[in-house]
Structure formats: structure tokens, C-alpha cells
Amino acid sequence: MINERLEVQEYLEGKNINKLCVYRICYMLAKWFKEQGLDHIRIRTQIFEWANANKIYLEFNLNKLIYAAMEDKNSLRGDVDVYISESDIEEIRKRFDSKNTRMLALALLAYGKACGTKNGECAVSLLGISNWLNMNYGNLSTRHFRELIDFGYISKVEQKHKWNPNLKSETTRIKFLVPILNVGSERVVDNNITAIFYKHF
């Protein structure tokens, strides 16, 4: 989720494919192939080859997705430095007890440090986060996410429109109510947030 290029490489290798996330995965693949210089028809061919190799049926208008990816001005995010500090860990410890809520808090914080705005806001796909953390989406999106809001870790920013109207996958805009300064002794390596989690919790 932090290093999108690494995430795409895993999808291309047939790893971590959640069939609930197929639209988002194909969107990222389309952006990847666009960045490799492929045109519309070659992107379509590559995505169908990937889908067939992984026994995935595409239930949406692929051409529309490809148009949206071609118009997207944002490049896939590569390896960015994201650091977790002891004060970040303490903020999570003082608010939450359950393993999954703490894991979600840490993952969202790292994601926010990678792509949040100056005022601490970012748009997240809870489905994508659940896939990243290998956590049940139903529990994450209701129980754990709500706990983060109720105990003053984040707030949900009301939106009139989705973050990207061309994406079918829902995104939720959040604002952090805790500091998200990108400092600390722990660096997130290769999207592996669990390594930092198990070291500190």
C-alpha cells in the first residue's frame, strides 16, 4: 500500500490477489503498463492475460478503467521513506488494546505519512487496507475503524464525491487527530508493517 510499485510486482507474480479487490488491482496494473509505454490495446491484452493466468473473471468495463488510468496524472508511488517513532507507538498503546485495532492504527499512520496532506488528511481504500493487513474486511471496516474514530485517533472527513469518481472501489477520506510527523527509528521496508508491529506490540 505504501510502495505501490512493489504491490503491483506482487500482483504480476500472482501473489496477494484478493478477488474483492480486482477492480483496484486492474487499475494499478493499467497504470503500471501505461508507465511502461504500452498503448490502450496492449494494456487491455496484458490485463486479460494476467486475469486468465490467475483465473479471474473481469466483471466490469475494462476499457473504461483503462481510460481512467491513462488520464490519471499521478504516477504509482515507489519506495518512499516512512518512519515510525516511539511516540507513534505510545499514541496507539494509550488508546487501543486489541491487536487488530492497533495494527490498523499503525498501518493507517504509515500510509498517512506516505501520502497525507499537510493538514493530515488522506484518502484510503479500507478494502485495500484489509487486503494489505490480511484482515477480515467486515471487522476492519466496522469494528476496528470505528474504534479509531471513537477514541480520537482519526476522524472521517465527509465528502460530496468519491476521491476518484472513475474508480469503482470506495475510498474513505480521513484526518489524523494525532501527529503524523515522518520521523522515528523504525523504517517501513517493502510494505512490511507487520514487522514493526510485532516488534513493538
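Scanning the stretch 164-179 for residues that are modelled with pLDDT under 95 and of a type in the set (A, V, I, L, M, F, W, C) turns up just one, LEU167. Applying a threshold of 7 Å to beta carbon distances and a minimum spacing of six or more residues, or different chains, the list of pairs starting in the stretch 2-21 at a residue that is free of Cβ contacts under 8 Å to residues at least 24 places away in the same chain and ending at one that is surrounded by 14 or more Cβ atoms within 10 Å (Cβ to Cβ) reads GLU10/ASN16. Screening GLY112, GLY152 for residues that are part of a loop (DSSP other than H, G, I, E, B), closer than 15 Å to ILE174 by Cβ and at pLDDT 95 or above leaves exactly one candidate, GLY152. Summed over the stretch 141-159, residues that are hydrophobic (A, V, I, L, M, F, W, C) and surrounded by fewer than 20 Cβ atoms within 10 Å (Cβ to Cβ) total 3. A search for C-beta distances below 7 Å between a residue of the stretch 23-47 that is farther than 15 Å from GLU71 by Cβ and any residue that is among the basic types (Lys, Arg), counting only pairs 6+ apart in sequence or on different chains, returns TYR23/LYS168.
The values are calculated or read from the model by the stated rules, or taken from the named source; none is laboratory data. In this text the structure is predicted, and so the values were computed from the model without any measurement. Here the Cβ is made from the backbone with ideal geometry for all residues, glycine too, and neighbour counts use every protein chain on show.
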